[in-house]
Amino acid sequence: QVQLVESGGGLVQAGGSLRLSCAASGRTFNNYTMGWFRQAPGKEREFVATTRWSGGHTYYADYADSVKGRFTISRDNAKNTVYLRMNSLKPEDTAVYYCAAARRYMPTYFRLDEYDYWGPGTQVTVSS
């Protein structure tokens, strides 16, 4: 019932920045765990970042070690949109980036099979 569509990808030089967006439709995701994953050519899809609702009043975020300090995930529930701000991009960040949603929070947020919905992906290419 939930559809996700990523946007904001493109070509950028190393050291540059991009902001990816993931727009959801069909159902609001106020209480969903949202994640970003990426897949480079010839490699397995890997976890990038996740954001979750605490159940109280605060959102929390976690990141892969490879992007900590450079990427920031955020969400705007009023717009049914989750974002990934990517700074200091490196050529190794080149990949198709996917947005994912899960109906619940889970401690194994880095596992692909924990997510219920996926977007089609958006290409990010970082040149040297």
Quiz item: Hey, if we sort 38, 52 by accessible area with the 1.4 Å probe, largest down, what's the order?
Solution: 52, 38
Quiz prompt | the chain, accessible area per residue, ligands and nucleic acids excluded (1.4 Å, Å²) | solution = 51
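Can you tell me the length gained on complete extension of the stretch residue 45 to residue 128, counting 0.36 nm per residue apart and subtracting the Cα distance?
Values: separation 83, 0.36 × 83 = 29.88 nm, distance 2.25 nm.
Full extension from residue 45 to residue 128 adds 27.6 nm.
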Self-check item: Where 70, 104 fall by accessible area, highest first, once all protein chains stay in place (1.4 Å)
Solution: 104, 70
Practice problem: Evaluate the relative contact order of the chain (contact order divided by residue number), counting alpha-carbon pairs under 8 angstrom at least 6 apart; express in whole percent. | Solution: 35
Exercise. Could you check how much of the accessible area of the chain is carbon and sulfur, as a whole percent, using a 1.4 Å probe?
Key: 47
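The values are calculated or read from the model by the stated rules, or taken from the named source; none is laboratory data. Keep in mind the model is a prediction, meaning the values are calculated, not measured. Protein only, heavy atoms only, side chains kept; ligands, DNA and RNA dropped before computing areas. Shrake-Rupley method; radii C 1.70, N 1.55, O 1.52, S 1.80 Å.
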